[in-house]
Amino acid sequence: MFSRLTRPITVLALAALLASTAAVSQLSAGRAHAKTLTFYLIPGISSDAFYITMHVGAKAAAKQLGVNLVFQGDPNAFSAPTQIPILNAAIARHPDAILIAPTDKQALIAPIQRAVAAHIPVILVDTTINTPNIAVTTISSDNVAGGKKAAIALAGAVGFKGTVAALSVQPGVSTTDQRKQGFEAQLKHYKNIKYAGIQFDNDSATKAASLTSALLARYPDLAGIFALNTNSGIGVTNAAKTSGKAGKIKLVEFDAEPVEVQALRQGTISALVAQDPYTIGNLGVKVAFNYVNGHRSGIKKHYGTQEAIITKANVGTAAIKRFLYTRNG
């Protein structure tokens, strides 16, 4: 599994990206004297390195196309109550398109429908909603497959025996729900691994650390933990260090934020399942540009982007470099 670093699920996405690049270049040239388009990119949480990296990719496409890109999200919380007012404010300004990572697959349906009703094209990036067809397209990793990869990595790290647990943000987020689905399905293949279940930390690293400490106390034989998102991972990693079990308890975490990569290099984390947020943002802007300009025939309803399993052995390789997130937006 580790010898095959990425899933070949993105042939269509990459082909579309190449085709899109050629098409948008022609369109951009033809719009030299047209009005400047304004796109909004509304992340799940604006301070997170995953979404900062997505912004970097989106900015690169926006610069190429002459698009005014507004990046606006709550810096403190990944939640529907904080995201919906930001989306509503964007709708009121009536931009030419909105790219959004919905923080709840049910609660964001009605606000996104309001945008569509106002004739604002919407593209779902990273996360999705229960009625994704109202959007122009969705662009995301294969999170079910990512969850399965995490189970394979964790099972191998613990020697295919012992007790393992999982920590996640909250129910109702499409990406982490899918990771949970894939992880738990794959874990059933290992008869000597006992699953202690999943706990939710509301995207708080502090709460994740507290839950991890409680798990370590409850299960003295706890062999490993899968953290389904960044803040869960940061909390789990901190608790492992504080308890003196760093490197002894095996950790597999989603994403590749700088603090996670550092812990991987130090041996605290066994493996990371990293996404490609740069491509998600870059492709999102290009698809939006094509759609707004009437170049719609080749647009797919979903584009899948790659993931990579990162270990201490391969973290410094050229193939993995693009999967490492940045804090510099």
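The values are calculated or read from the model by the stated rules, or taken from the named source; none is laboratory data. Predicted model only: the values in this text are computed from it and were never measured. In this analysis, Cβ positions are derived from the backbone assuming ideal geometry, glycine residues included, and neighbour counts consider all displayed protein chains.
Side notes on the structure shown:
- Answer residue from segment 42-60, given it is surrounded by fewer than 21 Cβ atoms within 10 Å (Cβ to Cβ) and not in a helix (DSSP H, G or I) and is modelled with the highest pLDDT among those: SER46
- Taken over segment 61-100, the residue count meeting the criterion of being assigned to a strand (DSSP E or B) and without any contact (Cβ under 8 Å) to a residue 24 or more places away in the chain is 0.
Yes or no, residue by residue, for (1) aliphatic (A, V, I, L, M); (2) farther than 17 Å from ASP74 by Cβ; (3) without any contact (Cβ under 8 Å) to a residue 12 or more places away in the chain; (4) assigned by TED's automatic domain parsing to the domain that holds ILE280:
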site	(1), (2), (3), (4)
PRO102	no, no, no, yes
LEU108	yes, no, no, yes
ALA117	yes, yes, yes, yes
ILE120	yes, yes, no, yes
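- Selected residue (criterion: nearest to the chain's Cα centre (by Cα)) from residues of segment 171-196 that are among the β-branched types (Val, Ile, Thr) and under 15 Å from THR127 (Cα atoms): THR175
- If only residues of segment 139-167 that are under 19 Å from the mean Cα position of the chain (by Cα), crowded, with 24+ Cβ neighbours inside 10 Å and not small (Gly, Ala, Ser) are counted, the one that is farthest from LEU283 (Cα to Cα) is LEU167.
- For segment 217-233, a tally of residues being closer than 23 Å to PRO171 by Cα and among the aliphatic types (A, V, I, L, M) returns 3.
Table: residues versus (1) without any contact (Cβ under 8 Å) to a residue 12 or more places away in the chain; (2) over 22 Å from ILE310 (Cβ atoms); (3) in contact with an Asp or Glu (Cβ under 7 Å, 6 or more places away or on another chain).
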residue	(1), (2), (3)
THR163	no, yes, yes
THR175	no, no, yes
LYS180	no, no, no
PHE183	no, no, no
LEU187	no, no, no
LYS194	no, yes, no
SER204	no, yes, no
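- Residue that is nearest to the chain's Cα centre (by Cα), among those in segment 197-224 that are part of a strand (DSSP E or B) and within 25 Å of ASN76 (Cβ to Cβ): PHE200
- Subset tally (residues that are buried (at least 18 other Cβ atoms within 10 Å of the Cβ) and not hydrophobic (A, V, I, L, M, F, W, C)) for segment 178-198: 6
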